[in-house]
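Participant: Sending over a structure as structure tokens; questions will come in a sec.
Every read-out reported here was derived from the displayed coordinates using simple, explicitly stated rules and does not represent laboratory data. Note that the structure is predicted; figures quoted are calculated from it, not measured. Ideal geometry is used to build each Cβ from the backbone, glycine not excepted, and the neighbour counts take in all protein chains shown.
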Amino acid sequence: MSAASTRSRTPDRLCAEAVDLARAAAEEAAAPGVVGEHSGMVSEGDRVVTHFFECKELGYRGWRWAVTVARASRAKVVTLDEVVLLPGPDAVLAPEWVPWSERLRPGDLGPGDLLPTDAEDLRLEPGYTGAEEPPPNSAVAAVSADMAELAEAEDADVTEGTPAHLASAPTRGSIAAVAEELGMRRARVLSRYGLHVAADRWEEAFGAKTPMAQAAPAACVSCGFLVPIGGSLGQAFGVCANEFSPADGRVVSLAYGCGGHSEAAVMPKPPQPAPPVIDETRVDPFPLRPAPDSGSVPPAPDEASAELGHS
């Protein structure tokens, strides 16, 4: 057993009594009025003791001023070792540091911000091999050879590098030129993992299991406001173009739906008013005397009753 392991952990008496020395050192290192009561001590070794004082500094709840004092062997004088501010058992600590790539959330990217992409990002894969030397038996190889001979004959310079690093159009007949003609000039494209991650994210935001889709009268697949998208994702997603929909301008699942479906309710034509029973727009003639041949009154025997029209 080593000598260090046999040392006593009992605090040295003179070091333990040096509370005033430790407080003076703490007050000298700290701002005035922030050193609180003596909260304990601990033996760090033979004739080495650390005294703790409460910290009253704002924002440092639970922290303690730790002052370490020591005494040389056979010495009567206690000397100061160090003064530090340490967190206590219930101290308020800063959260554990997290790399920016893990702290970043959707919506954090602002104007002028740059978001570098890891070269080994699982969401991406090479858009094409980038090899400028095609197989010897391919048709492109013959074209490339002819272009190389032509460039040598005309003392021309052939641009080197992948399409992602080219400032102008690549040499015709090269792999880069063929890739550009086929719409594959992008150095990297979405991998299967990247496609699945994007699909899961869009399905969670605007998918069939959302409350809006559960209460919708029909799905987006039959909506006239759905704009189809290309690629493999177009088999399950589209873009909403209804300005009154909560998903306007968003990628939505074909199984999503909302109350703004184009066929949810067709507005009926306004009903035509019924013809009036009494036409007040024209005047009907109403004779004061009934016609003698109408049969409503018998012929009057005298002229007076005939004039009055009595029946």
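Participant: Would you please give the FRET efficiency between V48 and L114, computed as 1/(1 + (r/R0)^6) with r the Cβ-Cβ distance and R0 = 51 Å, to the nearest 0.05?
Facilitator: The value I calculate is 0.50.
Participant: If you don't mind, there's one more thing I want to ask. Compute the distance in nm between two label points, each set 7 Å from the Cα along the Cα-to-Cβ direction, one at R186 and one at R289.
Facilitator: 10.1 nm
Participant: So the label point goes 7 Å from the Cα of A31 along Cα→C-beta, right? Which residues of region 67-106 then have their backbone N under 17 Å from it?
Facilitator: Inside the label zone: 85-86.
Participant: Please list the non-local residues whose amide H lies under 5 Å from the amide H of V252, H modeled 1.01 Å from N, same-chain partners needing a gap of 5 or more.
Facilitator: G238, V239, C240
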